[in-house]
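Below is one structure, written out as structure tokens, with a few remarks after it.
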Amino acid sequence: MGRLNGKVAIVTGAGQGFGQGIAETFAREGAIVAVVDIDIEKARAVARGMGDALALQCDVSKASDVEACVATTLNSHGRVDIVVNNAGISHRNQPMLDVGEEEFDRVFAVNVKSIYLFARAAVPVMRRQGGGVILNIGSTAGIRPRPGLTWYNASKGAVNLMSKSMAVELAPDRIRVNAIAPVAGETPLLATFMGEDTPEKRAAFRASIPWGRLSTPDDIAKAAVYLCSDDAEMVTGEVLQVDGGRCI
């Protein structure tokens, strides 16, 4: 019996990186997973071989896409127990005034507005069911920010704080809300964070982490399983730092 046996989970940005790791691990733990990504081919590739998994295309910044994603999952499997808001983007590491307004808006739409949209679509479903779990993927960038990523840092600071506020408000509905704050990981976003992907930049990133390495999708997935399982029934409003000591 897996720790998520029989749970229906929506995981956004699940076509690669942390989201893929979370989706695949959830499936191994017994969950039925809606693999959600803006790139439907990547979503299909991840969902293949995962039993009753759905592959859904969704721009998480668009209300119509989010509503359709939740509705399709509900129609297919009858409930929505878990929503993992993992989809995220960043601007390239650069001076803050060099980031254009359109790019700024897109970062906040994907990283922050998406959580509002999924709450609006999924919370009423969870209330009718008598409970559920929302897990938001924040970042150590919202706790100990780096220069060059100011607007991304701010978006993740919003995610971290939103998770706490949502947890307090939704606790009477038996809906738990937590966040994970990963340190920089071995994902496609890493080059964006660094500005340029060089051995020297990677070494500098690793040197800032006491544990001595970057995070991996497996690290984040294991933490996600715990927070979304019944083992964490008394845990809500937490921002779990999976960071090898980076934020100390």
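The values are calculated or read from the model by the stated rules, or taken from the named source; none is laboratory data. Keep in mind that this is a model prediction, so the values were computed, not measured. Cβ atoms come from the backbone with ideal geometry, glycine included; neighbour counts cover every protein chain shown.
Does ASP52 satisfy the condition of being part of a loop (DSSP other than H, G, I, E, B) and either within 16 Å of ASN111 (Cβ to Cβ) or under 17 Å from the mean Cα position of the chain (by Cα) (or both)?
Against the criterion (part of a loop (DSSP other than H, G, I, E, B) and either within 16 Å of ASN111 (Cβ to Cβ) or under 17 Å from the mean Cα position of the chain (by Cα) (or both)), ASP52 does not qualify.
Residue by residue, here is whether (1) out of contact with any Phe, Trp or Tyr (no Cβ under 9 Å at 6 or more places or on another chain); (2) among the acidic types (Asp, Glu); (3) at pLDDT below 95 holds:
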site	(1), (2), (3)
GLY132	yes, no, no
ILE137	no, no, no
PRO147	yes, no, yes
GLU169	yes, yes, no
THR192	no, no, yes
ASP197	yes, yes, yes
GLU200	yes, yes, yes
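Counting only residues that are among the β-branched types (Val, Ile, Thr) and part of a loop (DSSP other than H, G, I, E, B), which one in the stretch 66-94 is surrounded by the most Cβ atoms within 10 Å (Cβ to Cβ)?
VAL80
Given the residues VAL123, VAL133, VAL107, which is the only one that is farther than 24 Å from ALA232 by Cβ and under 19 Å from the mean Cα position of the chain (by Cα)?
VAL107
In the stretch 142-152, which residues are among the small types (Gly, Ala, Ser) and under 20 Å from GLY100 (Cβ atoms)?
Selection gives GLY148 alone.
Residues that are under 16 Å from TRP151 (Cα atoms) and modelled with pLDDT under 95: does the stretch 93-116 have at least one?
Yes, the stretch 93-116 contains at least one residue that is under 16 Å from TRP151 (Cα atoms) and modelled with pLDDT under 95.
In the stretch 33-46, what count of residues is obtained for those that are under 17 Å from LEU227 (Cα atoms) and either without any contact (Cβ under 8 Å) to a residue 24 or more places away in the chain or in contact with a Lys or Arg (Cβ under 7 Å, 6 or more places away or on another chain) (or both)?
The number of residues fulfilling the criteria is 0.
Tell me which helices (runs of 4 or more DSSP H) are completely within the stretch 95-170 and hold 1 or more residues being under 23 Å from LEU189 (Cα atoms) and of a type in the set (D, E, K, R), or say none if there are none.
Because the criterion is at least 1 residues that are under 23 Å from LEU189 (Cα atoms) and of a type in the set (D, E, K, R), the helices (runs of 4 or more DSSP H) in the stretch 95-170 that meet it are 101-108, 150-170.
Spot the failing condition for GLY21; the list is (1) touching a residue at least 40 places away in the same chain (Cβ under 8 Å); (2) small (Gly, Ala, Ser); (3) surrounded by fewer than 23 Cβ atoms within 10 Å (Cβ to Cβ); (4) in a helix (DSSP H, G or I), and only one is missed.
Of (1) touching a residue at least 40 places away in the same chain (Cβ under 8 Å); (2) small (Gly, Ala, Ser); (3) surrounded by fewer than 23 Cβ atoms within 10 Å (Cβ to Cβ); (4) in a helix (DSSP H, G or I), only one is false for GLY21: (3).
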